[in-house]
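Worksheet: the structure to be examined is printed underneath.
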């Protein structure tokens, strides 16, 4: 392991002040704001500068293959290829690509406490790098699968191992639309539901989860949840099963 670098353990938290812990929590919140590759560098830098005061800070990514000679010389570049007293500090986060954070001061030195703070944050920085890469990989695979599905003339619904609708071509939506529209048109006037609310309640009747409905209707799970909240309120019920029973009575 690199000279001067210690493994972070829970007992190190005892050496952090209340203000240090508040800054650490804020940094973790910033890292979790989203999981986009485009914002990763900004999130890493904003999180780190919550803890480290510096004159300048920079972030950059390194391609693993082209950087092998450099990485071979620094196999464990966590904070701290510098000794306390130097006016620069480098943090390297292993991944593909690697991410490098650099901090500089012109008037004061980085201290052992600064390095302690970075050791506390480093696991969360690394987790953000790995999570972002994983999300990008899964998203890319889903886009390829969706493109292949849409290229098919046959209606296809992809069900995962838990029986949840994972993806759907446009064809099933078109095939099922006439039946759904008919039920929705009959239900809306009777129950004072909007056509969209009645449509979603029809999917609930068929045993679909909020996640399934979101995929089939091309909306977010949060939007499905809000629509169903409105349905429950309008029907004066408290759950999905009660809403379906009342909806059936109204459309019988």
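The values are calculated or read from the model by the stated rules, or taken from the named source; none is laboratory data. Fair warning: this is a prediction, and the values are worked out from it, not measured in the lab. Every residue, glycine among them, receives a Cβ derived from its backbone with ideal geometry; neighbour counts consider all protein chains shown.
Figures for the structure shown
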item: Looking only at segment 193-252, and only at residues there that are within 28 Å of the chain's Cα centre (by Cα) and not in a helix (DSSP H, G or I), the one that is modelled with the lowest pLDDT; result: 218
item: Yes/no for residue 134 being at pLDDT 85 or above, in a helix (DSSP H, G or I), within 25 Å of the chain's Cα centre (by Cα) and more than 30 Å from residue 17 (Cβ to Cβ); result: yes
item: In segment 192-213, residue nearest to residue 248 (Cα to Cα) [restricted to those that are in contact (Cβ under 8 Å) with a residue 40 or more places away in the chain and surrounded by fewer than 19 Cβ atoms within 10 Å (Cβ to Cβ)]; result: 205
item: Residue among 119, 141 that alone is within 29 Å of residue 31 (Cα to Cα), out of contact with any helix residue (DSSP H, G or I) (no Cβ under 8 Å at 6 or more places or on another chain) and modelled with pLDDT of 70 or more; result: 141
